[in-house]
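Input: a single structure, listed below in structure tokens.
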Amino acid sequence: MAWWKSIFKVFRVSPSFSYGILVFALLIILGFVVDSFAPFDPSRWGTVPRDQTPSLTYLFGTTTTGQDVFWLTTRAIKNAFILAGLTGVLSLFIALAMGFLGGYLNEKIWGRLVNLCIDSFSIIPGLPFIMVLAFSFRDYISIPLIAMFLSIIGWAWPSKSLRSIVLELRSRTHVYTARASGSGLFGILKNEFFPYVLPWAVTQALPLMVWSIGMETTLGVFGLSSMEQPTVGTILYWAMSYQALMRMKWWWIVPAILVVILMITSLYYISVGLGELLNPRSRLSQLRKEMGS
């Protein structure tokens, strides 16, 4: 109950967090609830009349390929959040494993190898690397496969941050006590490190989701995403291929641009709000303000 009270306090204190939660909830409803009521498969071409302007029948108009832009957008939202969720989970799982081992076994040979791997993956240029992978596997590309490609390098920077946290925690008394009592490596990581790392993991997941949405949009614009699945990137790709702006078919592009802006800003502001909520200094400052008032 105290946790929920803290959430409501952040709602009152942080308008940006409130905006993020509300917009995120709206997008989730559109992508996972409204999309389930689609009268046809939005990814199929020729299901509706072509190049219809927005109206009561076609809320966002239709494309030159004969797709309803509204239902196309709801499916793109769904696919974007699936991709973001998969990338966030996979990247954090790898980051937790590598960061813990790199920090805890820092002086040992295995720890040095892990740290070398972390540092090596941290300097890989993300976009060119992902574009090469996507091009190489373009015949098999799908949303889960893109998430795997993104996770290959998405874990590196969070793991560097975690490694620093583990190095600092390793010198604390409760860790020495656990080691002296004979606790194994897994038990020490679970009981002595994980409670401190959990808030960090929550705040790291959202930036990874933002990054993955931006990367997929870029891949899609270059025609390197899953072209059979509606995503923000593929919507923009086909709109540019059919010269939608030149032909004044603005409704084909504007919803996709607005959606990607709303997804990224909502996740960003939620991340900022959660950072304030989970930061002990922020909670202490808010408590002092409440006591003063």
(message) How much accessible area per residue does region 83-128 have, counting only protein heavy atoms and a probe of 1.4 Å, in square angstrom?
(response) 52
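Mind checking the full-extension length gain between R44 and I253? Use 0.36 nm per residue of separation minus the Cα-Cα distance, one decimal, nm. Kindly include the intermediate steps, with their values, before the conclusion.
Details: separation 209, 0.36 × 209 = 75.24 nm, distance 1.80 nm.
Here the segment from R44 to I253 would lengthen by 73.4 nm.
Can you pull out the chymotrypsin sites (Phe, Trp or Tyr not before Pro) in region 30-99 that DSSP calls coil and that have at most 13 other Cβ atoms within 10 Å?
F40, W45
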(request) Divide the volume of the convex hull of the Cα atoms of the chain by its number of residues and quote the answer in cubic angstrom per residue. (result) 171
(message) Suppose each label sits 7 Å from its Cα in the direction of the beta carbon; what would the T53-F194 distance come out to in nanometres?
(response) 5.9
(request) Would you list which aspartates and glutamates come within 12 Å of K78, measuring only between C-alpha atoms, while excluding same-chain residues fewer than 8 positions from it? (result) D35
(request) Keeping the other protein chains in place, figure out the carbon and sulfur percent of the accessible area of the chain, with a 1.4 Å probe. (result) 68
(request) Give me the number: length gained by fully extending I165 to M246, i.e. 0.36 nm times residue separation minus the C-alpha to C-alpha distance, one decimal in nm. (result) 24.0 nm
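Please report, to one decimal in angstroms, the Kirkwood hydrodynamic radius of region 64-207 built from all distinct Cα-Cα pairs. Each step should come with its number before you reach the end.
On the way: mean 1/r = 0.0582 Å⁻¹.
Hydrodynamic radius (Kirkwood, Cα only) of region 64-207 equals 17.2 Å.
In the chain, which helices (entire DSSP H runs) extend 24 Å or more along their own long axis, judged by Cα positions, while averaging at least 1.6 on the Kyte-Doolittle scale?
Working: long enough: 69-104 (51 Å, 1.43); 194-221 (41 Å, 1.00); 254-278 (36 Å, 2.02).
Helices meeting the span and hydropathy rule in the chain are 254-278.
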(request) With a point put 7 Å past each Cα toward its Cβ, work out how far R172 is from F186 in nm, to one decimal. (result) 2.3
(request) Over all directions, average the projected area of the Cα convex hull of region 100-152 and note it in nm². (result) 4.4
(request) Quick one: check the C-alpha center-to-center distance for region 215-252 versus region 107-127, whole angstrom. (result) 36
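Considering all projection directions equally, how large on average is the shadow of the alpha-carbon convex hull of region 148-232, in square nanometres?
Numbers: hull surface 27.5 nm².
About 6.9 nm², averaged over all directions.
Under the definition of Cα pairs under 8 Å and six or more residues apart, what whole-number percent is the relative contact order of the chain?
Values: 371 pairs, mean separation 73.5, N = 293.
Answer for the chain is 25 percent.
Output needed for region 132-284: three equivalent-ellipsoid semi-axes, defined as square roots of 5 times the C-alpha gyration tensor eigenvalues, in descending order, whole Å. Please report the intermediate quantities before stating the final value.
Working: eigenvalues 360, 77, 16 Å².
Over the Cα atoms of region 132-284, the semi-axes work out to 42, 20, 9 Å.
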(request) At 37 °C and 0.692 mPa s, grab the translational diffusion coefficient of region 12-148 from Stokes-Einstein with a Kirkwood Rh over Cα pairs, rounded to a whole number in µm² per second. (result) 175
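The values are calculated or read from the model by the stated rules, or taken from the named source; none is laboratory data. This is a predicted model, so every value here is computed, not measured. For neighbour counting, all protein chains shown are included, and Cβ atoms are generated from backbone atoms with ideal geometry for every residue, glycine included. Surface areas here come from the heavy atoms of the whole protein model, side chains and all, with no ligands, DNA or RNA. Shrake-Rupley method; radii C 1.70, N 1.55, O 1.52, S 1.80 Å.
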